[in-house]
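*Asks:* Right, I'll just put the structure down here and ask away after.
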DNA sequence: TAGAACGCTGGAGCGCACTCCAAGCAAGCG
DNA sequence: CGCTTGCTTGGAGTGCGCTCCAGCGTTCTA
């Protein structure tokens, strides 16, 4: 067991990625070309190949002619990467996480720490954005009032 | 009146910028050097000059020797810019907003629209981040459980 | 009056995250 | 068979947001 965590995303709890990404094939016959994955994830084929080059992806299966054949677990991984990207996490850090996953079970605590730190970052980003929202709302009220004043001036 | 909006930030409602930025001089004797502004805003002097070059700042007063002397209203503007930057708004859009402010009162509705769109963006960024937070929390729980399992294995 | 500290400018350079290119191979089709 | 479509590679290029540099002037302190 403990097959270096490919769990979680399998459970049908997900429902909020950017692209539709509904049409997955069942495990066993899950072999997607790069352009299919591009369509499913919203990334370009270029980016997918680049992710592989920099070590952000595990080694992807190949067809007998050498073409990439992505599997469901690769889509799961890309979904996680997409989420982490939304947090503003630098690609280098995601590569670090990918390395930890590849390194095996003894990196669990390090992975845990990395995710926990990321979680803290996300919380403060949310707080920042809410602060900005407050400023924005004040400005918007100002302009709404100004608009009304201009309108009544014209009467 | 309607002096192209330098209001809002004057009111003491602010309290959540990154740097301390407490020590402002009263209006009238508010002439800050570029390095003072750098210290107050957390930006570098390079960046401040660059903001000016690209049209993100209004024209800054100069001393008799040609050095920049920032005023409180410039700090207010920089505070707003800082907030907008946190939202991920591209610099080009902030420049656009700055142009609208410089253009005068007849751009009120356009400014209003820009801010309203930005507000929508911020709301969806927050939603995205909360989605990511959910994923992160599931992963973190997974690793916490795995850690406990490993610990009990060792008994 | 020397030297350090600070500021000025135009323009070049950098790091990140892609993005694209050229040249070539393999499969499918009329 | 030739043509199109899709994929392969290493390496070069792009856009953004800074970041730094050289060469110079001014101001302050000893």
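The values are calculated or read from the model by the stated rules, or taken from the named source; none is laboratory data. Since this is a predicted model, take the numbers as computed values, not measurements. Don't worry about glycine lacking a Cβ; one is built from the backbone with ideal geometry, like all the others, and counts go over all protein chains shown.
*Asks:* Restricting attention to the range A:133-154, does a residue exist that is more than 8 Å from chain B (Cβ to nearest Cβ) and not in a helix (DSSP H, G or I)?
*Replies:* Yes, because at least one residue in the range A:133-154 is more than 8 Å from chain B (Cβ to nearest Cβ) and not in a helix (DSSP H, G or I).
*Asks:* Condition first: more than 16 Å from DNA strand D (Cβ to nearest atom), modelled with pLDDT of 95 or more and outside the structural domain of residue A:125 (by TED's automatic domain parsing). Can you find one or more residues in the range A:61-72 that meet it?
*Replies:* There is at least one residue in the range A:61-72 that is more than 16 Å from DNA strand D (Cβ to nearest atom), modelled with pLDDT of 95 or more and outside the structural domain of residue A:125 (by TED's automatic domain parsing).
*Asks:* Let me ask something else. Among the residues of the range A:86-119, write down those that are exposed (fewer than 12 other Cβ atoms within 10 Å of the Cβ), at the interface with another protein chain (Cβ under 10 Å from one of its Cβ atoms) and under 20 Å from residue B:125 (Cα atoms).
*Replies:* Residues satisfying the conditions do not exist here.
*Asks:* Please list, ordered by first then second residue, the pairs with beta carbon atoms under 8 Å, 6 or more apart or interchain, first in the range B:27-52 and within 14 Å of chain A (Cβ to nearest Cβ), second more than 7 Å from DNA strand C (Cβ to nearest atom).
*Replies:* Cβ pairs passing all conditions: B:42/B:18; B:42/B:19; B:42/B:82.
*Asks:* Based on what the data block shows, is residue A:89 without any contact (Cβ under 8 Å) to a residue 60 or more places away in the chain, in a loop (DSSP other than H, G, I, E, B) and away from DNA strand D (no atom under 15 Å from the Cβ)?
*Replies:* yes
*Asks:* When you look at residue A:57, is it surrounded by 19 or more Cβ atoms within 10 Å (Cβ to Cβ), within 12 Å of DNA strand C (Cβ to nearest atom) and either within 14 Å of chain B (Cβ to nearest Cβ) or in a loop (DSSP other than H, G, I, E, B) (or both), yes or no?
*Replies:* no
*Asks:* Then there's this: Looking only at residues in the range A:64-77 that are within 16 Å of residue A:48 (Cα to Cα) and within 11 Å of DNA strand C (Cβ to nearest atom), which one is surrounded by the fewest Cβ atoms within 10 Å (Cβ to Cβ)?
*Replies:* A:66
*Asks:* Can you pull out every residue in the range A:40-53 that is out of contact with any helix residue (DSSP H, G or I) (no Cβ under 6 Å at 6 or more places or on another chain) and either modelled with pLDDT under 95 or more than 11 Å from DNA strand D (Cβ to nearest atom) (or both)?
*Replies:* A:40, A:42, A:43, A:51
*Asks:* Listed residues B:114, B:84, B:48, B:80; which is farther than 27 Å from residue A:81 by Cα, more than 16 Å from DNA strand C (Cβ to nearest atom), part of a helix (DSSP H, G or I) and assigned by TED's automatic domain parsing to the domain that holds residue B:26?
*Replies:* B:80
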